[in-house]
Amino acid sequence: MGNQITALIVAAGRGSRAGGERPKQYQCLAGRPVLSWALNAFLTHPKIDAVRAVINPEDSELYNEAVNAIARPDQAKLLSPAEGGSERQDSVRQGLESLVAHAPHWVLIHDAARPFITPDVIDRVVEAVGAHGAAIAALPIADTLKRAGDPDDRIIGETVARDGLWRAQTPQGFEFSTILKAHRRASGRSLTDDAAVAEAAGHRVALALGSPNNTKITVAEDFGLAEQLAQRLGPAQVDLRSGQWEYRTGQGFDVHRFGEGDHVTICGVPVPHTSGLLGHSDADVGMHAITDAIFGALGEGDIGDHFPPSDPQWRGTESRIFLEKANDLAHARGGRVTHVDVTLICEAPKIGPHRDVMRERIGEVLQLSKDRVSVKATTTEMLGFTGRAEGVAALATATVALPI
Ligand code: MG
């Protein structure tokens, strides 16, 4: 049957509202062009048989860069790009015309500026297209809606009932021949999305549940939020199913001895105690163990290699610097730390009350959500050096995704 379900990624816009030297779909997001995120999501989805981008012919080199940023793109699935027009609607129509020879049964049309499209949203749209013939990803509106009485004076004219109102996202899926005809008919009329084109031709279009993360990058400010999302979601969001990442586990172990002081710093959190921990830096035994675990996963030696105790510049350093550097090293290799787990071993101080804030501190440094950071604590039943309260030990594992 050939390319039963084809994804058409619309990437021909000039993206002037987002600023920057290059169109927004070619600007970098967590080290990869924005377009490569959506391309990868559809290329790696098992229900999508073919993927074609619609681009401005002047951008063909930028397009190649975006494809090259994908680890092992499925070349059999990736069709050569089609040439787009000046308006989105023209680009979609030209993209659809370019698929006539391929004759897909269904087509999913997606905006390149929505990089965080997930496999489950694609699944839901595919399922709804199968059931209804046409469906879009969309979200029910949760905010109260106001219509300004006079658009210029910003005074509320009325509160609009939000019942039944949805925000349209992409992908938007249709029977190929139906949407092609609808777009041909709509040529010359300006409609804001492909569902509107189908509606104008009298077709019923279903709503499939989208995702709040499936946001569109429109203006320059959107990049800040998108970057945070990219860091948080990382490869787990986009690539987990792709087999293009290898997941490595590293371990770390560290001990620091008690000495003079009135608090200890563990996992970035100062904890009041009858003594302090001795060390060259701030003696943060937890962060040291995690740092070593990341170096271990990367096969990059240990914390002593990177920050020699003999080097005076690290004296009294906050250990988050070490952890940041290890995280940067994972990013420099195109990878991402996806999870860490640390066990702190001591009789005192009590770790329990500080666990949550420790998880937050570590998450801030590694740009991980809290559910990807674990802090546990145990005693050694008064046995050994930790049992004699001579110091604190820490064990850690880190999971790191690296491109194959
Ligand atoms: Mg240490």
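The values are calculated or read from the model by the stated rules, or taken from the named source; none is laboratory data. What you are looking at is a predicted structure, and each value in this text was computed from that prediction instead of being measured. FYI the Cβ positions are ideal-geometry reconstructions off the backbone, even for glycines, and counts take in every protein chain you see.
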| task | Determine which single condition Trp166 fails, assuming it passes every other condition in (1) of a type outside the set (Lys, Arg); (2) within 18 Å of Leu8 (Cα to Cα); (3) at pLDDT 95 or above; (4) surrounded by fewer than 22 Cβ atoms within 10 Å (Cβ to Cβ). | result | (2)
| said: As an exercise: evaluate His288 against (1) part of a helix (DSSP H, G or I); (2) farther than 20 Å from Met358 by Cα; (3) at pLDDT 95 or above and give the number of the one condition it does not meet. | reply: (2)
| request: Would you mind stating whether Asn56 is surrounded by fewer than 22 Cβ atoms within 10 Å (Cβ to Cβ), over 25 Å from Ser211 (Cβ atoms) and without any contact (Cβ under 8 Å) to a residue 12 or more places away in the chain? | output: no
| said: Of everything in segment 378-390, what is buried (at least 20 other Cβ atoms within 10 Å of the Cβ) and not β-branched (Val, Ile, Thr)? Give them in sequence order. | reply: none
| remark: Flagged in segment 240-295 as touching a residue at least 40 places away in the same chain (Cβ under 8 Å), near the ligand (Cβ under 10 Å from one of its atoms) and aliphatic (A, V, I, L, M), in numbering order, are Val255, Leu277, Val285, Met287, Ala289
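Given the criterion within 16 Å of the ligand (Cβ to nearest atom), touching a residue at least 12 places away in the same chain (Cβ under 8 Å) and in a strand (DSSP E or B), identify the matching residue among Leu344, Leu323.
Just one listed residue meets the conditions, Leu344.
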| among the small types (Gly, Ala, Ser), part of a loop (DSSP other than H, G, I, E, B) and either in contact with a Pro (Cβ under 7 Å, 6 or more places away or on another chain) or closer than 20 Å to Arg248 by Cα (or both) - does that describe any residue in segment 305-318? | no
| note | Filtering segment 173-217 down to residues that are part of a loop (DSSP other than H, G, I, E, B), under 24 Å from His102 (Cα atoms) and either hydroxyl-bearing (Ser, Thr, Tyr) or out of contact with any strand residue (DSSP E or B) (no Cβ under 9 Å at 6 or more places or on another chain) (or both) yields Ser187, Ala201
| Is it the case that Ala393 is among the small types (Gly, Ala, Ser), closer than 24 Å to Ile294 by Cβ and not in a helix (DSSP H, G or I)? | yes
| note | Conditions (1) of a type in the set (Lys, Arg); (2) under 21 Å from Tyr247 (Cα atoms); (3) more than 16 Å from the ligand (Cβ to nearest atom); (4) at pLDDT 90 or above -> Arg333 fails only (4)
